[in-house]
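I have placed the structure first, in the form of structure tokens, so that the comments after it can refer back to it.
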Amino acid sequence: MKQLLFPDNPQFWYETLRSMSHIAYGGADFGEVVSTSERIVEGDYDSWHEEWLATADRVADEAQKALDAGHTVSARDGFLRASNYYRSAEFFLHGHPCDPRHDHA
């Protein structure tokens, strides 16, 4: 498959595809994955973390609002997507187990 995002960074492209693979099961949304990826500076691991974390936090906040309003299915769907985005955010931190950013993601 041609690298549509991150053409010069196979690691970032692979992890983006990994996120996209969750779309079929409701664990990601195509628009959210693409818009997050477009904000990431290619090859910048801090940018990767910051942008996925921002998306995860936004989706989790929306899910919480849905839950508070009694929309349990929408809340469930949002929390599922947010959990995948938190996983994406922390993925490249694995080489640094003491990094305090693990606490949030």
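Every helix of 4 or more DSSP H residues in the chain counts as -39500 (n - 2.57), and over all residues that averages to -20500 deg cm²/dmol at 222 nm.
Mind pulling the per residue volume of the convex hull built on the Cα atoms of the chain? Å³ is fine. Before the final figure, lay out each step's value.
Numbers: hull volume 9.7 nm³, N = 105.
Per-residue hull volume (Cα only) is 92 Å³.
Ordering 33, 73, 41 from the fewest to the most neighbouring beta carbons within 10 Å gives 73, 41, 33.
Projecting the Cα atoms of 19, 88, 52 onto the charge dipole of the chain, computed from C-beta unit charges around the Cα centre, puts 19 farthest toward the positive end.
Using C-alpha pairs below 8 Å separated by at least 6 residues, the relative contact order for the chain is 25 percent.
Every number here is computed from the coordinates shown, using simple stated rules; none is lab data. These numbers come from a predicted model, not from an experiment. Methodologically, a virtual Cβ is constructed for each residue, glycine included, from the backbone with ideal geometry; neighbour enumeration extends over all protein chains shown.
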